[in-house]
1. Rounded to the nearest 500, what is the chain's calculated 222 nm mean residue ellipticity when only DSSP H runs of at least 4 contribute -39500 (n - 2.57) each, over all residues?
2. Counting only protein heavy atoms, what percent of the accessible surface of the chain is carbon or sulfur at a 1.4 Å probe?
3. Arrange the peptides 169-182, 149-162 so that the one whose residues have, on average, the most other Cβ atoms within 10 Å appears first.
4. Give me the 1.4 Å probe accessible area per residue for the chain, excluding ligands and nucleic acids, in Å².
5. Of C195, L153, T79, which is farthest towards the positive pole of the chain's charge dipole, taken about the Cα centre with +1 and -1 on the beta-carbons of Lys, Arg and Asp, Glu respectively?
6. Dipole of the chain (Lys/Arg Cβ +1, Asp/Glu Cβ -1, origin at the Cα centre): which of Q272, F37, I179 lies farthest to the positive side?
7. When the dipole is taken about the Cα centre of region 110-233, and only Lys, Arg (+1) and Asp, Glu (-1) are charged at their Cβ, what size is it in debye, to the nearest 20?
8. Check which residues have an amide H placed less than 5 Å from D270's amide H, if you skip close sequence neighbours.
Amino acid sequence: MPRRTASGVIFAVLVLAAMAFFFLMPEETPERRSVAFTTMGTVARFEWYATEKVSGEATLAANAAFQQVVSACNLRDKTSELSRLNATADKEPFVCSDTLWEILTEARRAYQMSGGAFDVTIKPLMDLWGFYRKRETLPPPDEIAAARRSVGLERVIWNDAKHSVFFPVRGMALDLDGIAKGYALDRAAEAAMRCGVTQGALDLGGNLRLLEPFPDKKSFSVGIKAPDGSRRTKPCEELANLAGNVGISTSGNYERFVVYQGKRYGHILDAQTGSPAEYRYSATVVAPDAVTADWMSTTCYLRPDLAPEFRKQGIVVVLVEP
């Protein structure tokens, strides 16, 4: 056999062998996978049903979505967009990015639907009570009254055409901690689904965004942490058979607080009184998306009388006592 013909035969055999290996190689099998990483001052945990490749792509995409929200809303970073807005919006209108404007639009909707109970202009009071800058003594009534004069979302001047914000009162500032995690979860879930993930759950520091249930499950079952600061989880009938594609959030004053003269004061402040709400229960909300669940749980903690109105809209509201 001529050398050229022999080389051709060998090459053809190698090609056929490679093709056979490729086509006979078993496909990557989807399975239940877990991922965890730190973001937004807490731990993000994903558990979803996907191949290793899809899971890796979805994790990167979801993390990128979180980081976009961090860049927009992180008050602990003076270079973040929200920090820059707070520093300059009382001097001239601040033009927002699409991400920040979307969050502020949700905050405005929350303010209207809550009758003013959910108010993101609460930052002057958060500062006063020591949640961002430490103080040694309980804020006196005159300081609370002074801080309240810089609070009230109805005072903010919005330009919807230009996506800009202006503070007519010096000292006003926004705090989006009560809504940003829910918004970030929705964006992360959308990013994961674009990568091919359809079944699973995303957890961001206790805020949940459920996708469809896992293949071996017909529904999700979620427990509520007891609002007494313990690690106990209380089962709840309303959260026992969730079909998925919802957001879940729980609000309470038992984890983040300051202490003055031996007394704990929780971080959920009532803008109308200027002081922390001192209720002992927690409020859990199940809504069509995580951002709505986020602000509604805070609202229901502050104003439990609004829970029946939200329930009429198909929202699940659960108030749990210790």
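The values are calculated or read from the model by the stated rules, or taken from the named source; none is laboratory data. Everything numeric here is computed off the predicted structure, so don't read it as measured data. Because the Cβ atoms are built from the backbone with ideal geometry, glycine has one as well, and the counts that use them run over all protein chains shown. Remember, those area values only see protein heavy atoms, side chains included, never the ligands or the DNA or RNA. Shrake-Rupley method; radii C 1.70, N 1.55, O 1.52, S 1.80 Å.
1. -12000 deg cm²/dmol
2. The value for the chain is 53 percent carbon and sulfur by accessible area.
3. So the peptides 169-182, 149-162, ranked by packing, come out 169-182, 149-162.
4. So the chain comes to 52 Å² accessible per residue, rounded to a whole number.
5. Farthest along the dipole direction, towards plus: T79.
6. Positive-end residue among those listed: F37.
7. Dipole about the Cα centre, nearest 20: 160 debye.
8. S275, A277
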